[in-house]
Amino acid sequence: MNSVAVTGMGIVSAIGWSPEETQAALDAERSGLGPLTLFPSVQDLDSPVGEVKGDPALRSGLDSGGRTEHLAVWAARQAFENAGLSTCPAPLRQAAGLILGTCTAGTGDTEAFLEQALHNRDADPRRLDRNGCACATHAVARPLGLHGPRATVSTSCTSGAQAILLARDLIHEGQANIMLAGGADALTRLTLSGFASLFVMSSENCRPFDAERKGMNLGEGAAFLVLESVEHARKRGAPIQAYLVGAASTCDAHHRTAPPPDGEGIRRAMLDAIEDAGIRPRDIDYINAHGTGTRDNDPAEGRAIAEVFGDQVPSVSSTKGFFGHPLAAAGAIEAVVAILALRHNKVPANIGFTTQSADTPVRVTSHPITKKIGVALSNSAGFGGTNCCLLFENASQRNT
Amino acid sequence: MPPAFTSQPFHGHTCPFAPGEGIVPAQSLRRLGRAQELALTVCSLACKPSPPPGERTATFVGTGMGESGSSARFLHDILGPDPLPPRPLDFINAVHNSIASETAVVLGLKGENCTFTHDAVSFELALSRAAYVLQRGKMDRVLVCGVDALTPFAAVLGPGYGWWSDDAASPRPILGALGTSRAAPGEGAGAFLLARAEDATEAEALARLLVTAVRPLPEKNVAACDPREEVAFIQATLARAGVSLGEIGFVLLGANGNPAWDAVYANVMAELAKSLPEKTVCGVYKHRCGEFHTAPALGLALAVDIVQTGTVPETIACVAPPRPDRPIATVLLYHVTASGYHSVCVVAS
């Protein structure tokens, strides 16, 4: 199999600042969604959001940069320490690479600059120097002293998952033995107003896959995995928390914002990832669905899952009812959630689900279930028809 | 356009044609931003006469700024003193991968679709990914595009990047001592349809991409760049493709008219010349297109042109006249960026 080891994880979202806090919220079925407090309401928006509680700037220790950068640095540092890299010899640490998926890096500074300029206040052009997505990648690389391969990708809501896929391939290619990969996005006025203008936001907590779903809630956060070649991880005695055994990415080429009704693109992503892993659909025990709670996404993804798995659909849940949709961070945050499911042998709940939707041929898990999970699948899909599927294997399963 | 920007001095190289005209159906150009139009135009040209089969063709776009003209418009509407209702189309276009996704929708490309947004090496990263997925057999074809458009943001960002030559409108050689005092901003797009060498017919193949690499510099300060280390990076990259410096017929550099950066290129070239065949000529191209994050895509297009014809087009300014008796079969592209990266790409006939 094409596997690489996951030797570290870091996560921050509306339900916590670490994997442990995240697991506790998942176990307690405690949602982090609530009213927007970060800035004045946007266009009379009445949708709950998944805000990160507390001050990311204090946690990150950075003296500059926007909210996305602060969230990214916090999660990346956690993952680095979790993998035991902060105490490793410098050459090993410095050779590590970094790939970040983000959509909103730099946006906070751009908004601040424009607001000043448009209101005839002195606008600091240096704020725009952090306008590009790569500013968050640089912000992570610098304090960790990373000198390996580095990239920033922006594939909308699949960005975090796509970053993990690309990092896995760089390890396969021999470009690096260790890669830090993940996603980060903060809530911004651009994204809040943008999604509100599309009328896809729910005025209540989202209810993915439910018959009465009314749309999505935006969220924010960041998550990183430390990926490592299996040989390298074993040689340095790193704690292997899971294996990334398969990954694939496809495009719908259908519509700018909507998936094809039959979920053809995400179906291909799942099938390609399963083939990449050299396993069968029935080997998969849990699917962390993209499940946004919108009218179009959930039935399309549900139909794709039904087609791939037939009458052997594993446990399925969307966890966006906990932290909302953190856009570019979603794929990475949900990868961590999938790995937590493997480690704890526990399927997280699809909170908010009460009534089966007639247009979705998949039944989701409405409350946490404890069961043996050998392989977990994490789906991501986004604007522009991007789809990315990641497959993780339980480390204890392989070790036994 | 946000009024706050219009008072800025603005001398730049804008694309001298209406994007898409006569190339892309008018209905496909509706409701697009400028970067999307530029990209769709060159991608359509690269895929002529017809797009390759969808499911086995990937689309990789490199863009430093994305469709930032649309995001500027959207933010201007919602953040101004008298906010306007947000326009959904501007938001949809403002998403960084809107360029790649629009291209995929129009051309029906259903393979992996990824947008690299990493400053001035965005295109090279897309190109590296393309080489990887082809070599691994993950895809049969890859459409690779580099694109950036001049937007209001460039007017503000320019000074920080050393842009804004007052005489930018007059093209001239810009390598080190030959050049201008500053760089000029530009815009443009380049697209390439790639296939494994064994899968491309002789009629299809314009050139061979031998190797491409992009890495962070040991030091972010470009002025501290050590020419010997740079030559070692170039040689190590060539070695991956089994190519030696002795086989290089032409070197195309990313010098842009900013003396601080051009000095780095001049120093690296001086060091490189010690190992290159005698009379190997180098040249520059950004005096034609201006500076923008994905200008290397235009550099690659010129390199392909050189190895196809064996000669250097007039577009390129050479530090010495190329020898007409020696057709050029292999071109080395070398770029170093203000954000602390270097990249190498080698194409051959």
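Only the coordinates and a few stated rules stand behind these numbers; no lab work does. Only a predicted model underlies this, so the values are computations on that prediction, with no experimental measurement involved. Counting neighbours? That spans all protein chains shown, and the Cβs are built from the backbone with ideal geometry, glycine included.
Annotations for the structure displayed:
- Spacing of the modelled spin labels on B:Q27 and A:K372, each 7 Å from Cα toward Cβ, amounts to 5.6 nm.
- Three principal axis extents of the stretch B:15-157 based on alpha-carbon atoms, in descending order, are 54, 31, 28 Å.
- Of the GluC sites (Glu not before Pro) in the stretch A:128-215, those whose Cβ has at most 13 other Cβ within 10 Å and which sit in DSSP loop: A:E212
- Between amide H atoms placed 1.01 Å from N, distances below 5 Å from B:V347 occur with B:L210, B:V331, B:L333, all of them 5 or more places distant or on a separate chain.
- Exercise: per-residue mean of other protein chain Cβ atoms within 10 Å, B:207-215: 1
- Residue by residue, the stretch A:120-131 carries 3J(HN,Hα) couplings of 6, 9, 4, 9, 8, x, 5, 4, 6, 5, 9, 6 Hz when phi is fed to the Karplus relation 6.51 cos²θ - 1.76 cosθ + 1.60 (θ = phi - 60°); x denotes Gly or Pro.
- Largest GNM mean-square fluctuation across B:V24, B:V251, B:V61, computed for chain B with C-alpha springs under 10 Å, falls on B:V24.
- Taking B:V147, B:V231, B:V105 as the candidate residues, the one with maximal mean-square fluctuation in a Gaussian network model of chain B, Cα springs under 10 Å, is B:V105.
- Mean per-residue shielding of peptide A:245-257 is 6, counting Cβ atoms of other chains within 10 Å of each Cβ.
- Mean separation of Cα pairs under 8 Å and 6 or more residues apart, divided by the residue count, gives chain A a relative contact order of 24 percent.
- Mean separation of Cα contacts under 8 Å, 6 or more apart, over the residue count of chain B: relative contact order %: 21
- For the stretch A:214-219, 3J(HN,Hα) per residue [Karplus equation, 6.51 cos²θ - 1.76 cosθ + 1.60, θ = phi - 60°, Hz, x = Gly/Pro]: 10, x, 9, 10, 6, x
- Phi to ³J(HN,Hα) by Karplus 6.51 cos²θ - 1.76 cosθ + 1.60 over the stretch A:109-119, Hz, x for Gly, Pro: 5, 4, 4, 5, 4, 5, 4, 5, 5, 6, 9
- Choice from B:S50, B:S71, B:S128 with maximal GNM fluctuation in chain B (Cα, 10 Å cutoff): B:S50
- Calculated diffusion of the protein assembly as shown, Stokes-Einstein form, Kirkwood radius summed over Cα pairs, 37 °C and 0.692 mPa s, µm²/s: 128
- Rounded to the nearest whole angstrom, the semi-axes of the ellipsoid equivalent to the stretch B:182-323, taken from the Cα gyration tensor as √(5λ), stand at 24, 19, 16, largest first.
- Take each residue of peptide A:114-123, count the partner chain Cβ atoms within 10 Å of its Cβ, and average: the result is 5.
- Placing pseudo-labels 7 Å out from each Cα toward the beta carbon at A:R398 and A:F199 gives an inter-label distance of 4.8 nm.
- Cα centroid separation, the stretch B:60-74 to the stretch A:175-215 (Å): 20
- Selected from B:L40, A:A139, B:P259, residue furthest toward positive end of dipole (the protein assembly as shown; charges at beta carbon): A:A139
- Stokes-Einstein D in µm²/s, Kirkwood radius over Cα pairs - chain A at 37 °C with 0.692 mPa s viscosity: 160
- Other-chain or far-sequence residues with amide H under 5 Å of A:K346's (modelled H): A:K371
- Across the options A:T152, A:Q94, A:S193, the greatest Cα extent toward the positive end of the charge dipole of the stretch A:93-211 (unit charges at beta carbon of Lys, Arg, Asp, Glu) belongs to A:Q94.
- P(r) tail for the stretch B:281-328: Cα pairs beyond 14 Å make up 50% of the total.
- Remark: relative contact order (the stretch A:259-400) = 31 percent; criterion is Cα-Cα distance under 8 angstrom and separation of 6 or more residues.
- Amide hydrogen neighbours beyond the local backbone of A:M201, cut-off 5 Å, H modeled: A:M216
- Centre separation in Å (Cα based) which lies between the stretch B:104-158 and the stretch B:314-336: 26
- Overall Cα dimensions of chain B - principal axes, largest extent first, Å: 64, 47, 36
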